[in-house]
1. Identify, from the list GLY210, GLY280, GLY288, the residue that is over 20 Å from GLU74 (Cα atoms) and open to solvent by less than 20 Å² (accessible area, probe 1.4 Å).
2. Take the stretch 56-83 and flag every residue that is open to solvent by less than 70 Å² (accessible area, probe 1.4 Å), under 25 Å from LEU308 (Cβ atoms) and either touching a residue at least 60 places away in the same chain (Cβ under 8 Å) or charged (D, E, K, R) (or both).
3. Which residue is most open to solvent (accessible area, probe 1.4 Å), if the candidates are limited to the stretch 226-249 and must be outside any strand (DSSP E or B) and closer than 30 Å to MET100 by Cα?
4. For the stretch 291-317: of the residues being at pLDDT below 95 and among the polar types (S, T, N, Q), which is most open to solvent (accessible area, probe 1.4 Å)?
5. So which residues in the stretch 213-225 are open to solvent by less than 40 Å² (accessible area, probe 1.4 Å) and either within 19 Å of MET101 (Cβ to Cβ) or in a loop (DSSP other than H, G, I, E, B) (or both), if there are any at all?
6. What tally of residues in the stretch 1-36 results from selecting those that are at pLDDT 75 or above, open to solvent by less than 60 Å² (accessible area, probe 1.4 Å) and not in a helix (DSSP H, G or I)?
7. Report yes if GLU274 is within 9 Å of ARG230 (Cα to Cα) and either modelled with pLDDT of 95 or more or open to solvent by 20 Å² or more (accessible area, probe 1.4 Å) (or both), otherwise no.
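The values are calculated or read from the model by the stated rules, or taken from the named source; none is laboratory data. These figures come from a predicted structure and were not determined experimentally. Positions of Cβ are generated from backbone atoms using ideal geometry, with glycine treated the same way; all protein chains shown enter the neighbour counts. What goes into the accessible areas is simple: the full protein's heavy atoms, side chains included, and nothing from ligands, DNA or RNA. Shrake-Rupley method; radii C 1.70, N 1.55, O 1.52, S 1.80 Å.
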Amino acid sequence: MENLSLGVGEEDARRTLMGAGVAEDVARAEVARALGHPYFQACQRLGRRYAWMESVMDAYSSLHRQAGRDRALEKREGLSAEEFFTHYYYGHRPVVLKGMMGDWPALGRWSLSYLAERAGAAEVEVMTGRNANPDHAPQAEKHRTRMTFRDYLKMVASGGETNDYYMVPRNENWQRDGLSPLREDVRAPAGIIDPGLRPDMMTLLLGPAGTVTPLHHDNMNVLLAQVMGRKHVRMAPSFQRHLMYSRYGTFSHVDAGKPDLERFPLYGEANVVEAVVEPGELLFIPVGWWHWVRALDVSASVTFHHFLVPGGNTYMPEPG
């Protein structure tokens with residue numbers, strides 16, 4: 001029934017069954033029964049709907065390429081808040097913003113030793129044991145470990161390049177009172193992010209070189225501020241979801257660091273753009289855009305998701 005729903009012809013379905021040793025009369029009866037089943041008819045209706053949606057997304061992809069937006073992840077300097085919202089937030093386009101973190105004390109202060117001095121006694125949560133589980137990101141509950149911030153910073157300083165442990169937004173460490181001195185070193189990008197900067201409006205990512213955030217999309221717009229180290233980012237448009245081999249709702253089967261195009265050939269059709277995000281740069285990740293991130297150095301980033309949007313922030317519903 002699944003193959004028929006995907007467009008395999010009746011005759012081909014019968015031949016496949018017969019090739020597997022099914023008698024011709026039984027094969028004909030089975031195909032006829034499947035074609036008349038209410039589930040098959042429902043699948044056909046869904047299939048037509050998804051085919052129409054994919055054709056719309058393919059049209060968006062064609063326009064995206066014609067506009068030249070498939071060639072590079074843009075970097076802009078001196079961008080006004082009005083231009084950011086008009087061309088990128090409302091335009092649903094990623095961009096790296098330069099020159100907007102000049103007032104951040106964190107840029108001149110943050111180092112592993114400074115973080116330990118200011119907040120080392122705080123208890124934090126870290127995702128550990130990641131190397132042993134390829135699904136560590138969607139199975140985050142299996143990897144939560146508590147320790148002092150000072151002990152984690154020692155691991156980062158001495159462990160070399162690794163993806164085995166990482167402090168990620170799901171750890172919600174930024175909301176802990178013990179890290180409040182570090183929040184004083186952060187500023188809201190003027191005119192773009194809500195200046196209230198409550199702890200629940202931000203998240204902290206911190207880890208060694210080699211940490212990888214696997215290919216996924218977020219259900220909200222995100223602004224990532226790079227404070228320490230560099231990050232290599234690859235991104236693909238939200239409207240190319242049908243090329244992403246999604247799983248667990250928001251993740252992908254594809255390793256965007258080393259894509260296996262024999263297993264995932266459609267990914268080769270995606271318009272992937274990339275850039276290295278440097279300290280002092282902001283990366284805007286539009287809602288639904290797929291992204292893969294690898295830290296090139298010991299890295300610390302702060303993310304924001306409360307934009308100064310008159311009509312309110314835009315969110316995607318969780319997949320059903």
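1. Details: GLY280 fails: over 20 Å from GLU74 (Cα atoms); GLY288 fails: over 20 Å from GLU74 (Cα atoms).
So the residue among GLY210, GLY280, GLY288 that is over 20 Å from GLU74 (Cα atoms) and open to solvent by less than 20 Å² (accessible area, probe 1.4 Å) is GLY210.
2. LEU73, GLU74, ARG76, SER80, ALA81, GLU83 - these are the residues of the stretch 56-83 that are open to solvent by less than 70 Å² (accessible area, probe 1.4 Å), under 25 Å from LEU308 (Cβ atoms) and either touching a residue at least 60 places away in the same chain (Cβ under 8 Å) or charged (D, E, K, R) (or both).
3. Of all residues in the stretch 226-249, those outside any strand (DSSP E or B) come to 229-230, 237-245, 248-249.
Restricting the remaining residues to those that are closer than 30 Å to MET100 by Cα gives 229-230, 237-239.
Values: GLY229: 17, ARG230: 85, PRO237: 0, SER238: 31, PHE239: 31 Å².
Per the stated criteria, the residue is ARG230.
4. Looking at residues that are at pLDDT below 95 and among the polar types (S, T, N, Q), I get THR314.
5. ASN219, ASN221, VAL222, LEU223, LEU224, ALA225, listed by residue number.
6. 2
7. On the way: within 9 Å of ARG230 (Cα to Cα): no; either modelled with pLDDT of 95 or more or open to solvent by 20 Å² or more (accessible area, probe 1.4 Å) (or both): yes.
So GLU274 fails the test.
Residues checked against (1) touching a Gly at 6+ places or on another chain (Cβ under 6 Å); (2) open to solvent by 70 Å² or more (accessible area, probe 1.4 Å):
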position	(1), (2)
TYR114	no, no
GLU117	no, yes
ALA122	yes, no
THR128	no, no
GLN139	no, no
LYS142	no, yes
ASP164	no, no
ARG170	no, yes
ASP177	no, yes
